Amino acid sequence: MSLSLPTTSPSISWEDPLDLMDEIDRLKKERDAVILAHFYVDGEIQDIADHTGDSLKLARDAVRASASTIVFAGVHFMGESAKILSPQKTILIPDLQAGCSLADSCPAPSLAAYQAQLRSQGHDFQTVAYINTTAATKSLCDWIVTSGNAREIIDRVPPDKEILFVPDQHLGRYLSEVTGRKMILWPGACQVHEIFSVQDLLRAKKNNPHSLVIAHPECPHAILEHADFIGGTEKMRQYVASLAEPKLFLVATEATMIHPLQKLAPQHTYIPVPGIMASDGKTCACNRCPHMARNTLQKVRDCLRDGRPEITWQPYFEKAREVLERSLLK
Ligand code: 13P
Ligand code: SF4
């Protein structure tokens, strides 16, 4: 069923999600495709996906998938990494404009210039990049980390080398603290995690005295210092699942993360930070990633039907492939 809504924009039309899901199922079979969805995309996409996960698991799922086509519901750098690690597969992404403020903050030419400057100053370093970077930037780096493998990878950097960590200054600062390695930090930040307000968090804690705070390491230090648990999205899932007694969690990450947490560990209650505003009990939606939110069921259907947008192989992917394979697959 397709219904045009009475709207001033003639291009907006509503389609029944159940019809869309049936169509997606049919197109998946026709195209020999699987759907991968990050924990930050809409719950209804996660529910129809063949695999959900954090950046690390999804990159590995893309390699392991036997299907010839992958629809990657996430953001551009995720689809790009999947293509680099599985060049023979067709990688479709629902919206080519789904970017990332971290990836945007560290363009390859700026990184190359900074690396040259550091070398000219006598620094002997290796560059460790968060996976939230473009392939061109990855190709200038020695290691790639995700929130799921960062500590292990940093342990692989020779101890006599300095570390240039790009592009997330908050994740870098946190990793420097937990690994004891001194780091030169690139000044990037995630636009979602950066805006959490300490004041709102403290107010939420005060209103919910027995709550536990779980926070993504992309959050600034001022938030992390109030956290009971710090970890990436998969580690958050494992943590809440490990607690059998019902708890109240204040969740300091992208708000959609509550969907997989609730699904895996429904015994708990989850409140997004800064979900509770003052004393009126209202919630806000300012903690949604606008890039992840570009993924919709309609666009998943469209890309399966049309075979585009597609991430195509670029010559500079070859160098990024070496570093991605070494970091994520070995
Ligand atoms: P993880 O799911 O790997 O923790 O990453 C979070 C994120 O910001 C993805 O863009
Ligand atoms: Fe990038 Fe932040 Fe969105 Fe993740 S949540 S894709 S880091 S902007």
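The values are calculated or read from the model by the stated rules, or taken from the named source; none is laboratory data. Quantities reported herein were computed from a predicted structural model and do not represent experimental measurements. Cβ: placed from backbone, ideal geometry, glycine included. Neighbour counts: every protein chain shown. Keep in mind that these areas ignore ligands, DNA and RNA; they rest on the heavy atoms of the full protein, side chains included. Shrake-Rupley method; radii C 1.70, N 1.55, O 1.52, S 1.80 Å.
Per-structure values
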item: Value of D in µm² per second that Stokes-Einstein yields for segment 126-239, Kirkwood Rh from Cα pairs, at 20 °C (1.002 mPa s); result: 144
item: Cα Rg, Dmax, segment 117-181, angstrom units; result: 11.3, 33
item: Projected area averaged over orientations for segment 59-121, convex hull of C-alpha atoms, nm²; result: 5.4
item: Protein accessible area in the chain, 1.4 Å probe - carbon and sulfur %; result: 52
item: Rounded accessible area per residue of the chain, 1.4 Å, Å²; result: 44
item: Net lengthening on full extension, Ala113/Leu264 (0.36 nm per residue, minus Cα-Cα); result: 49.9 nm
item: Among Phe39, Thr146, His76 the positive-end extreme of the charge dipole of the chain (Cβ point charges); result: Thr146
item: Surface/4 of the Cα convex hull for segment 1-121, nm²; result: 10.6
item: DSSP-defined beta bridges in the chain - what % are antiparallel, rounded to 5; result: 15
item: Partners for Lys29 among lysines (Cα-Cα distance below 29 Å; same-chain residues under 8 apart left out); result: Lys57, Lys83, Lys89, Lys263, Lys299
item: Hull volume in cubic angstrom per residue (convex hull over the Cα atoms of the chain); result: 154
item: Summed side-chain charge close to Ala136 - residues other than Ala136 whose Cβ falls under 10 Å, Lys, Arg +1, Asp, Glu -1; result: +1
item: Cα-based equivalent ellipsoid, segment 145-303: semi-axes from gyration tensor eigenvalues, Å; result: 27, 20, 17
item: Projected area averaged over orientations for segment 165-206, convex hull of C-alpha atoms, nm²; result: 3.6
item: Over segment 221-268, equivalent-ellipsoid semi-axes from the Cα gyration tensor in Å; result: 18, 12, 10
item: Cα centre as origin, Lys/Arg/Asp/Glu Cβ charges: segment 32-74 dipole, Debye; result: 260
item: Proximal lysines to Lys206, defined as alpha-carbon separation beneath 21 angstrom and excluding residues fewer than eight positions away on the same chain; result: Lys247, Lys282
